[in-house]
Amino acid sequence: MKIVQVGDPVLRQTGRTLTKEEIRSREIQDLIAAMRETMYDAPGVGLAAPQIGLSIQLAVIEDKPEYVKEAPPGFLKERERKPVTFHVIINPKLTLSEGERVSFYEGCLSLTGFTAVVPRARSVRVECLDHRGEPRTIEASGWYARILQHEIDHLNGTVYIDRMHSRTFSTTDGFNAFWKDKSVAEVKRLLDWER
Ligand code: ZN
């Protein structure tokens, strides 16, 4: 499936919710399988239905160990990034935890070639339906909480550029050349993103 890029109005619409009957239909089950393959091909750790042009409340998520096998342990520890098995979230209700916000570089398959620092809640609670239409509650923290916030934003017409520290916005080439090896604290100091 083709992933739509920013500028397409579908990325700015709020997706409609799905009924349990719809979720169990052949059509939605086939859609989930196709979105899973599209996410793997990209590759990405999440894909929301609006990103393939469908304005519905459905996203797929998986953070595979192989995606970070070359990352230094300190990098993963700082981001609290651990593998997440494949799952589907439908009609999600997001609750952000009180308190701590954490800022890291983030990218999006609908903003190919760009990245920016995005502040997010460190932990969240998500109430949603799973791929069978059964209720599910997810308590997440660290990188998984960031993925959930990013994907649920897509279902509500929001993309990371709405939340980013805009002075950190960069091409991925620029990021690799100038910012990749710096700590977020150093990036904050150098770019003075709260000025
Ligand atoms: Zn995205």
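Taken together, the criteria place ARG120 among residues that are modelled with pLDDT of 95 or more and closer than 18 Å to SER183 by Cβ. Quick check: anything in region 57-69 in contact with a helix residue (DSSP H, G or I) (Cβ under 8 Å, 6 or more places away or on another chain), surrounded by 18 or more Cβ atoms within 10 Å (Cβ to Cβ), closer than 22 Å to GLY157 by Cβ and among the polar types (S, T, N, Q)? The answer is yes; a qualifying residue exists.
If you filter region 5-37 down to residues that are at negative phi and of a type in the set (Gly, Ala, Ser), you find that the one that is nearest to the ligand (Cβ to nearest atom) is GLY15. For region 94-146, the tally of residues that are of a type in the set (Ser, Thr, Tyr), touching a helix residue (DSSP H, G or I) at 6+ places or on another chain (Cβ under 6 Å) and exposed (fewer than 15 other Cβ atoms within 10 Å of the Cβ) stands at 0. Scanning region 152-180 for residues that are away from the ligand (no atom under 15 Å from the Cβ) and either among the small types (Gly, Ala, Ser) or under 26 Å from ILE56 (Cβ atoms) (or both) turns up SER166, SER170, GLY174, ALA177. On inspection, ILE28 passes the criterion of being of a type in the set (Val, Ile, Thr) and in a helix (DSSP H, G or I).
Of all residues in region 31-55, which are touching a helix residue (DSSP H, G or I) at 6+ places or on another chain (Cβ under 7 Å), of a type in the set (Ser, Thr, Tyr) and assigned to a helix (DSSP H, G or I)? Within region 31-55, just THR38 meets the criteria. Only one of the listed residues (ALA71, ALA49) is aliphatic (A, V, I, L, M), over 14 Å from ARG146 (Cα atoms) and modelled with pLDDT under 95. That residue is ALA71.
Residues in region 147-183 that are among the β-branched types (Val, Ile, Thr) and either closer than 22 Å to ILE90 by Cβ or buried (at least 17 other Cβ atoms within 10 Å of the Cβ) (or both): ILE147, ILE152, THR158, VAL159, THR168.
Listed by first and then second residue, the pairs linking a residue in region 141-156 that is within 13 Å of ALA121 (Cα to Cα) and among the hydrophobic types (A, V, I, L, M, F, W, C) to a residue that is open to solvent by 10 Å² or more (accessible area, probe 1.4 Å) and within 11 Å of the ligand (Cβ to nearest atom), with Cβ atoms under 6 Å apart and 6 or more places separating them unless they lie on different chains, are ILE147/VAL45. Check region 38-50 and report whether any residue there is surrounded by fewer than 20 Cβ atoms within 10 Å (Cβ to Cβ), touching a residue at least 60 places away in the same chain (Cβ under 8 Å) and away from the ligand (no atom under 13 Å from the Cβ). So far as region 38-50 goes, no, none of its residues is surrounded by fewer than 20 Cβ atoms within 10 Å (Cβ to Cβ), touching a residue at least 60 places away in the same chain (Cβ under 8 Å) and away from the ligand (no atom under 13 Å from the Cβ).
The values are calculated or read from the model by the stated rules, or taken from the named source; none is laboratory data. It should be emphasised that the depicted structure is a prediction, and the values quoted were computed from it without experimental measurement. No Cβ is skipped: glycine too gets one built from the backbone with ideal geometry, and neighbour counts run over all protein chains shown. These area figures cover heavy atoms from the full protein model, side chains too; ligands, DNA and RNA do not enter into them. Shrake-Rupley method; radii C 1.70, N 1.55, O 1.52, S 1.80 Å.
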